[in-house]
Structure formats: C-alpha cells, structure tokens
C-alpha cells in the first residue's frame, strides 16, 4: 500500500509541474565551439555552458563504469584506429604495417557511447572487441593489437592489456613502430568516476576533459557518423549517457505534449541533421519544425529548437529551450480542487477557486497521459463528462495563469 501511495504522489507532482510550466516562455541559448570547431562544449539545460574543452586535449577515453569495457577514440580530432590483422596480442614483437591500406579502420558507434572504436569487433559477451571477459577474475583480458595514429602524425602500436574490473583500472601498452618508447601504464579510473569518460593523451597522460556527468545534459562536438552508410565527420550534439531524448519532426512549433513520446537513449538522438548546408547561399539552414524533448538531469523535461548555426568560422549554435515539466514547484503555487461526486460514474462538477479565470481543465491517468482537456471561462462550477473512462484513479488539474489546482478523481460505474 505504501508503494502505491508513493507512486501516486510522484505522478501528481509530475502532472502539476507539467501543467504549471506548459506556458513558460522560451529561453534563448547559444554555444561557441570556435574556429574550425576547436572546442567541445558541455551544456546544461538548467545552467547553460558548463565547460568548454579543447578538442585536441585527448586521444582515447575509457567509459568510467567499473564493469564496462567501452573505449572510444577522439575521431572528431583526427585520431585513427586500425585493428592489426596479422596477429593477436602475442604478435607485439613482430608488429609491422605492410599492407596497411587494407586494414580495417575503426570508428566509434555514434549511437552508443559504450560501443567505442575499440569495441567494434565485439561478438557479444564475453568478447568485447579488444578483450575477453574472464568469469574467474571478472577482468577483461586484452587479446587484440591496434595501430593508432594521433593528429601529430605519430603511429603507435597499442594493446589494451587488461581491465581490472574490481579496481576500475586499465593496463595499456604502447610503443612507436620501431619498438622505441615502449610503455606499460596502469590508468586509475576511480578519480574520474563522476565523469562519463576518463580521457587519455599519448603525449600528456590522463587529462581533465569533461565536467561531472551530473552537471551537463548535451555535448556539442565533432564526431564521425554514418552519412549514406559511410563514416563521415559531422558537427552536432550528443546526449549525456544518463538522460533521454525524444525527436519530433514535421509538427507545429507550438507542440508541447511530450507525455506520450518515445524517449530514446541513443547518443546521437539529436545528432547533426538539425541543420544542412545550402550550396546556393553557402550558409547553414536550420531544419523547419524539428524539435527535441529532453528529460534532463534536474528532473525536468525541456523542449529544444535550434534557430541558427554559423559553421566552422566561429562554430556558434543558437537555440531556444522551454521548460515543460519540473518537480521544483513550491507548494504555495498549488491549491486543492473540489470535484463532486467523487467517485463518479459520468458528469462531475468542478468547483473552481474564486481567483481562477480562463481556466484549462485536464484529466490524466496515473502514467501522466492526458485523456480529457476542456476550458472554463470563469470561476465557479463547471462540468466535465467522465462517462467514457473505465473504472480507476485519475488526476485532474486546473490551470489559470500561474495558478494550479489538482484533485485525485475516482471513476466507478
């Protein structure tokens, strides 16, 4: 019984928040990646730009969850990764680049953060692409060799030796192709466990690339995506691994009904195709009637619409956000509502507070889906027909300007 009550109260809070905030004004936002998209920008829908990080700061990055084997490359900065086809991990000493033009180039999966370039050969558990999971130690043991080229033009041979899962540490080995500067390093992920990834540079070691994962919602960056089934560098937006996004196209700009949308967890749900380059004007054009609904870290739901993009000269993107739902509604902003008879079998009378004018009355099920909506022009009593609804519990809200009143309603026939 206690669990059912808790769920009902949470549902009420979401519905109140949704009703109260549905008429909130748009808030303009902008980010700047700089000339040639030199920076990555971590953005919070609540607080704006959280961190602007130089794109060339890192080469590879490790997903920070202790029992994840995801490793990505900075492909947007020109890092190239190839699977060594001639031998497994035991071929370190005989490593050579003859026939490199036929080697398989590896890219991050733009739709899945954990399916990084190093993981693209994976065959499913226990094979994670660069290594095999051990059911005895619970570590992932590296079984592959890679050739990696960094933007400075240096080629290195590379082996992800082991993921020490219980310790959340990686052992990696890399060297120049002639065998010089052979290094075996242990990388401790734990100090970066509050981030999505721990970033590493072959020149500088572990680097401080990103803010805490709980502090941002979307990332403006350059990355490789499939364009006509071919990996191609694009500039766009990737979602935070801990939030979800719904995409709505070909709908009027005033659309705000997010409750029935399919929220996705693909990294590139927003992606790069909210804009296109017009060869006639040599300018970027924003796709018309394209919007995104984002369940953000602060518990709210935001609507995001882009309105401008400058391209590589400055890397400026402009957009508008609208708060559609938030749990941070002060209690003073809500009032109780008188609905009778309750339980009801058909027509119910709704007694509106004296201060309410031009009200909107909405009825929701316990999943937050709006079932009925009608309008009342003034305070006093109005009637709502519930006869089409099956037996059960519902939540009624009345919104008038910045006032919200709610009441649980039972239908029993």
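Taken together, the values in this text are just the output of simple stated rules run on the coordinates, not laboratory data. Because the structure is predicted, anything quoted here is derived from the model rather than measured. Methodologically, a virtual Cβ is constructed for each residue, glycine included, from the backbone with ideal geometry; neighbour enumeration extends over all protein chains shown.
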task: Rank the residues 102, 366, 73 as a footprinting-exposure proxy: fewest other Cβ atoms within 10 Å of their Cβ go first.
output: 102, 366, 73
field: Relative exposure of 149, 157, judged by other C-beta atoms within 10 Å (fewest first)
entry: 149, 157
- prompt: So, by mean Cβ neighbours within 10 angstrom, what's the order for 37-47, 173-183 with the highest one leading?
  reply: 37-47, 173-183
- prompt: Add -39500 (n - 2.57) for each DSSP H run of 4 or more in the chain, then divide by its residues: what number comes out at 222 nm, to the nearest 500 deg cm²/dmol?
  reply: -1500 deg cm²/dmol
field: Cβ-based exposure ranking for 210, 358, in which fewest neighbours within 10 Å come first
entry: 358, 210
message: Cut-off 10 angstrom, C-alpha nodes, Gaussian network model of the chain. Which of 59, 208, 152 fluctuates the most?
response: 152
message: To check you understand DSSP bridge types, tell me what percent of the beta bridges within the chain (both residues inside) are antiparallel, rounded to 5.
response: 95 percent
task: Quick one: among 325, 388, 312, which has the greatest mean-square fluctuation in a GNM of the chain with alpha-carbon springs under 10 angstrom?
output: 388
query: Is the shape of region 88-146 best called rounded, prolate or oblate, per the rule: a/c under 1.5 gives rounded, else a/b larger than b/c gives prolate, else oblate, with a ≥ b ≥ c the square roots of the Cα gyration tensor eigenvalues?
result: oblate
statement: Connecting every pair of Cα atoms under 10 Å apart in the chain and solving the GNM, the largest mean-square fluctuation among 317, 393, 110 falls on 393
- request: Could you grab the Rg to Rh ratio for the chain? Cα atoms only, Kirkwood for Rh.
  value: 1.09
- line: Taking a ≥ b ≥ c as the square roots of the eigenvalues of the Cα gyration tensor, with a/c under 1.5 meaning rounded and otherwise prolate when a/b exceeds b/c and oblate if not, region 59-207 is rounded
- prompt: Any idea how far the Cα center of region 380-410 sits from the one of region 116-193, in Å?
  reply: 58 Å
- prompt: Relative contact order (percent) for the chain, with alpha-carbon contacts under 8 angstrom and 6 or more residues of separation?
  reply: 17 percent
- prompt: Taking only Cα atoms, what is the 0 to 90° angle, nearest 10, from helix 2-21's long axis to the longest principal axis of the chain?
  reply: 90 degrees
